[in-house]
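To start, the structure itself, in structure tokens.
The values are calculated or read from the model by the stated rules, or taken from the named source; none is laboratory data. As the structure is a computational prediction, the values presented were derived from the model and not from experiment. Note that each Cβ is placed from the backbone with ideal geometry, even for glycine, and that neighbours are counted across all protein chains shown.
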Amino acid sequence: MANSHFEKTKPICDGMNLRKVFCERRLWLKLAAGNPKKQSQSKPISVPAVWFIVYNRFNAGCRIINAHQVSISKNQELRNENMTDAAYQKCINPGCGAEFDCGRAMFKCPSCGELLDIRYNWDDISVPGKMSDFAKRWATRNNPLDFSGVWRFRELLNFCRDEDKVTIGEGQTILQRNDAVAEYVDMRPGCLFLQYEGLNPSGSFKDNGMAAAFSHARMVGATSSACASTGNTSASVALYAHSCGVKCTVFIGSGRIAFGKLSQAMDYGAQTIQILGDFDDCMRQVQDVCMKLGLYLLNSLILPGTLISSQL
């Protein structure tokens, strides 16, 4: 059974001026030659330079994993063998449709390069007969999985065993009535409710998806992770990585990140790498780095399984 990690999430720094933190802790990368001011802002730093920095961050005592297939210990293979029949990864390209078991850490199809999705063999999965069965779990608040707004519905996300599931209390959000927005969209008063995702542990809606992502990372034995972010993803990834004891690197673009969210990422020990470019440049760089160094990529747009859990 998963354990709560609230006691492990004490910030590394607190009460420090944000500008001081940002200047002292972030890692500025500049072009090796030429005047940066004359370079296009959309041109990213060379990939070898980023690999060198990330590798030196993670190679000490780090278990490097292959980006297409993680080497899993015999104990993990025994622990996960029952999951391979219930859930599997499938390429979304209709012309490809390649299938892979969930014990492999992949963020794109090795055959055609398209994205992957999680599919389930529902005939092999026992699910509650009605929605009220899920609601009953609210009464067992001492069970971390029942407390989670994601894993309360775990039969619908049955890709890993309960002992691999990661939770820090995500999904405990409320619905708030908003008649002003209802009036704006021509709805009757009292008929529109907004979900307050700011009540998640990191203050971000990304936490629901990261609960599933880090559960898979734990299942495959990942020890290092990375993401590209403009704010929300970095805060959520850093918090969950810190809770799980997983090393974390965040790629950000030039001046294109919410400082409040960035300070959260640094508080929880994430290494921050800024490149010259926008979010698309960051995504290209982080994918290349993860492929070369075997880091676990944690961007929800390309990671199988996180989109469904984000909707819970």
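Observations on the model:
- Of all the listed residues (N66, N121), the sole one being modelled with pLDDT under 50 and not hydrophobic (A, V, I, L, M, F, W, C) is N66.
- Condition broken by Q89, with the remaining ones in (1) in a loop (DSSP other than H, G, I, E, B); (2) in contact with a Cys (Cβ under 9 Å, 6 or more places away or on another chain); (3) touching a residue at least 12 places away in the same chain (Cβ under 8 Å) satisfied: (1)
- Test result for S254, surrounded by fewer than 24 Cβ atoms within 10 Å (Cβ to Cβ), at negative phi and in contact with a helix residue (DSSP H, G or I) (Cβ under 6 Å, 6 or more places away or on another chain): no
- Restricting the first member to the range 293-304 and to residues that are closer than 10 Å to A105 by Cα and at pLDDT 75 or above, and the second to residues that are part of a loop (DSSP other than H, G, I, E, B) and not hydrophobic (A, V, I, L, M, F, W, C), the beta-carbon pairs closer than 8 Å and six or more apart or on different chains are G294/N66.
- Every pair of residues 6+ apart whose Cβ atoms lie under 8 Å, when the first sits in the range 179-192 and is loosely packed, with under 12 Cβ neighbours inside 10 Å while the second is in a helix (DSSP H, G or I): R188/A182; P189/D179; P189/A182; P189/E183; G190/D179; G190/A182; C191/A182
- Checklist (1) over 25 Å from T230 (Cβ atoms); (2) assigned to a loop (DSSP other than H, G, I, E, B) applied to E155, failing item: (2)
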